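One structure below.
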Amino acid sequence: CAAVGCHGAGGVRWSFHAGRVAGYSGAGAVAAGSVGALASLAQVSPALRPLWTLTHAAAMALGLWLLWRGRQPAWMTNLGRGRTSRATAVGGWQRISGPARGAGAGLAWVAWPCGLLQSALVVAALCQSPAAGGLAMGAFALASAPGLLLTPWALGRLRGVEAASPGARHGERLVRLAIRVSGLALAGGALFALNRDAWHRFVAYCI
């Protein structure tokens, strides 16, 4: 979100949030209109468990790396750059610019493996019509938007302090501290998820 919001103009930021609302609303309409598809997804979910575990293990490794080094990896830093060399472009998506880039990122936001998002989709699936499911998910997207607006703003302020500080020492320390706190939160959340899953498996085995 910070990569889209911090390095883009206002139009890019707002197109990102518009695309996010549209993507969430579409997913809510699909969930409400196809309970059978949701049931099929529930049957497929055990096969996705190894991928889920690997995702959280990778998130924990990234969090520990951020906590240790206090800076983002080069590939993550380059995600927010508008222009990169052909060698550093990720899948060619960096060639997309302007509001279309923000809208595309917003539409893809529904694919994040977020437990709160999945819970909201279950609520949308309980609605009586696709329109109601879309409205429910649209409301969820709007209610969760302030956090996604605040985070890029806070990161931009930290970058401004870093650039304006004499010798950039004070600002650099603030940025490193923020990155380390983020790494600790990321590693802790991933560890909690992995431990919770392992604990449930242990309890099921004992029972």
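At-a-glance table
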read-out: Residue list for region 139-152, restricted to those being farther than 20 Å from residue 115 by Cβ and either among the charged types (D, E, K, R) or in contact with a helix residue (DSSP H, G or I) (Cβ under 8 Å, 6 or more places away or on another chain) (or both); value: 149, 152
read-out: Boolean, residue 155 is within 30 Å of residue 177 (Cβ to Cβ), at pLDDT below 90 and touching a His at 6+ places or on another chain (Cβ under 9 Å); value: no
read-out: Residue satisfying all of: in region 184-199; open to solvent by 70 Å² or more (accessible area, probe 1.4 Å) and closer than 19 Å to residue 51 by Cβ; modelled with the lowest pLDDT among these; value: 196
read-out: Any pair with Cβ under 6 angstrom, 6 or more apart, that starts in region 145-159 at a residue that is aliphatic (A, V, I, L, M) and ends at one that is not in a helix (DSSP H, G or I); value: 148/1
read-out: Test: residue in region 124-145 that is modelled with pLDDT under 80, open to solvent by less than 40 Å² (accessible area, probe 1.4 Å) and not in a helix (DSSP H, G or I); value: no
read-out: Matching residues, region 98-121, being surrounded by fewer than 18 Cβ atoms within 10 Å (Cβ to Cβ) and part of a helix (DSSP H, G or I); value: 100, 104, 108, 111, 115, 116, 118, 119
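The values are calculated or read from the model by the stated rules, or taken from the named source; none is laboratory data. Source: prediction; values computed, not measured. Reconstructed Cβ throughout: ideal geometry from the backbone, glycine too, with neighbour counts over all protein chains shown. Heads up: the accessible areas ignore ligands, DNA and RNA and are worked out on the full protein's heavy atoms, side chains in. Shrake-Rupley method; radii C 1.70, N 1.55, O 1.52, S 1.80 Å.
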